[in-house]
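A.B. asks: Sharing a structure below in structure tokens format, with a few things to ask.
The values are calculated or read from the model by the stated rules, or taken from the named source; none is laboratory data. Note that the structure is predicted; figures quoted are calculated from it, not measured. Because the Cβ atoms are built from the backbone with ideal geometry, glycine has one as well, and the counts that use them run over all protein chains shown. We work out accessible area using only protein heavy atoms, side chains counted, and drop any ligands, DNA or RNA first. Shrake-Rupley method; radii C 1.70, N 1.55, O 1.52, S 1.80 Å.
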Amino acid sequence: MTEPLDLYPSRIGGETRILPRKEPVVHGPRPTGDGPLSDDDLEHFERRGFLALEGFLDAEETAALREEATALRERRAGSEAPEVIIEPGSGEVRSVFAIHRSRATFAALARHPGLLGAVTQILGEPVYVHQSRINYKPAFRGREFYWHSDFETWHVEDGMPRMRAVSASLNLLDNHVHNGPLMLVPGSHRNFVSCPGVTPERHYEQSLRRQEYGVPDPEILEGLVQRGGIEAPIGPPGSIVLFDCNVMHGSNGNITPWPRSNAFLVFNALDNALVAPFSGQPPRPEHIASREHVEPLEIGGRG
Ligand code: 6CS
Ligand code: FE
């Protein structure tokens, strides 16, 4: 069988390069048929690479997820489980992965009519969960997530062929200007930043704590920000940000008394399922990148 073509070579030992995006951003039909997103919403997502929706979930729905996330962190504190990522420099829980598989409430969230409906409008075909996690960004000790494109990592380290995935970041607690909200560079999704260097073996054991490979050079980042600026969609619990897999984003550390805990679900188009990692290295574990659990999601269903 011929090797799938690497449409976005990165970390192949060369210099940083900027490559044009080869895929549409919104794949679904326009004018849109039925679905939670309006044509304006889809145009906004297409132009900027993300869409912030306040009050996406009501207080009761959000409280149930927040309680689940709190209980999960308390149960997992000090855990050696591979799904649990500990903050560098402290014993605090930084992230817990694969929550859509371990917790029924988050499995249901992946099938929430408003969320799955919106993602399906954007991707234009059945989707499955590529990755899920809670980033707790704990009070006082929540460390930063340096600038990166998720797709660059998912392409190189997970073998995601094309830019046909969407992330949803749900605020479980208040995201405000002080406690390290998600920052995105509008319009940065239109170009692929091919990164220098070569991926170290088992890179995820380091990168999920502090990412040093697959990050743009300062000059590149400066250019992207000069063109698009930086936006940090703040909002109360229940707010959600849908963002394209290739939009440049990151978040600052949190030294405030207020944790910034967000749940992330990553939806990948079924026909964009993972192939062999383009890094040539062994695939990352299932709890970081779904290879076996790729059942297409049905609204409200079990699928
Ligand atoms: O490597 C990954 O898949 C993870 N890394 C970051 C910084 N964002 C996406 C994802 O959680
Ligand atoms: Fe990310």
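A.B. asks: If you take the residues in region 80-101 that are part of a loop (DSSP other than H, G, I, E, B) and touching a His at 6+ places or on another chain (Cβ under 7 Å), which one is farthest from Ser169 (Cα to Cα)? Spell out how you get there, then give the answer.
C.D. replies: Restricting attention to region 80-101, the residues satisfying the condition of being part of a loop (DSSP other than H, G, I, E, B) are 80-83, 87-92, 98.
If we keep only those that are touching a His at 6+ places or on another chain (Cβ under 7 Å) as well, we get 82-83, 98.
Numbers: Pro82: 22, Glu83: 18, Ala98: 14 Å.
Among residues in region 80-101 that are part of a loop (DSSP other than H, G, I, E, B) and touching a His at 6+ places or on another chain (Cβ under 7 Å), the one farthest from Ser169 (Cα to Cα) is Pro82.
A.B. asks: Return the only residue of Pro20, Pro31 being at pLDDT 95 or above, open to solvent by 70 Å² or more (accessible area, probe 1.4 Å) and in contact with a helix residue (DSSP H, G or I) (Cβ under 9 Å, 6 or more places away or on another chain).
C.D. replies: Working: Pro31 fails: at pLDDT 95 or above.
Sole residue among the options that is at pLDDT 95 or above, open to solvent by 70 Å² or more (accessible area, probe 1.4 Å) and in contact with a helix residue (DSSP H, G or I) (Cβ under 9 Å, 6 or more places away or on another chain): Pro20.
A.B. asks: Can you name the residue in region 231-246 that is in contact with a Pro (Cβ under 9 Å, 6 or more places away or on another chain) and within 15 Å of ligand 2 (Cβ to nearest atom) and is also most open to solvent (accessible area, probe 1.4 Å) among such residues?
C.D. replies: Per the criteria, the residue is Ala232.
A.B. asks: What number goes with the only condition from (1) assigned to a loop (DSSP other than H, G, I, E, B); (2) over 22 Å from the mean Cα position of the chain (by Cα); (3) more than 30 Å from Pro200 (Cβ to Cβ); (4) not hydrophobic (A, V, I, L, M, F, W, C) that Asp40 does not pass?
C.D. replies: All conditions pass for Asp40, except number (1).
A.B. asks: Now for a separate question. What number goes with the only condition from (1) open to solvent by 10 Å² or more (accessible area, probe 1.4 Å); (2) within 16 Å of ligand 2 (Cβ to nearest atom); (3) more than 20 Å from Ser251 (Cα to Cα) that Met163 does not pass?
C.D. replies: (1)
A.B. asks: Further, regarding this structure: Tell me which residues, restricted to region 181-206, are within 13 Å of ligand 2 (Cβ to nearest atom) and either over 27 Å from Val119 (Cα atoms) or in a loop (DSSP other than H, G, I, E, B) (or both). Can you show your working first?
C.D. replies: To start, the set of residues in region 181-206 that are within 13 Å of ligand 2 (Cβ to nearest atom) comprises 182-185, 188-189, 204.
Of everything in region 181-206, just one residue is within 13 Å of ligand 2 (Cβ to nearest atom) and either over 27 Å from Val119 (Cα atoms) or in a loop (DSSP other than H, G, I, E, B) (or both), namely Val185.
A.B. asks: Could you please find all residues in region 247-260 being open to solvent by less than 10 Å² (accessible area, probe 1.4 Å) and more than 12 Å from ligand 1 (Cβ to nearest atom)?
C.D. replies: Result: Asn254, Arg260.
Table: residues versus (1) at pLDDT 95 or above; (2) in contact with a helix residue (DSSP H, G or I) (Cβ under 6 Å, 6 or more places away or on another chain); (3) in a loop (DSSP other than H, G, I, E, B); (4) open to solvent by less than 30 Å² (accessible area, probe 1.4 Å).
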residue	(1), (2), (3), (4)
Met1	no, no, yes, no
Glu68	yes, yes, no, no
Arg75	no, no, no, no
Gly78	no, no, yes, no
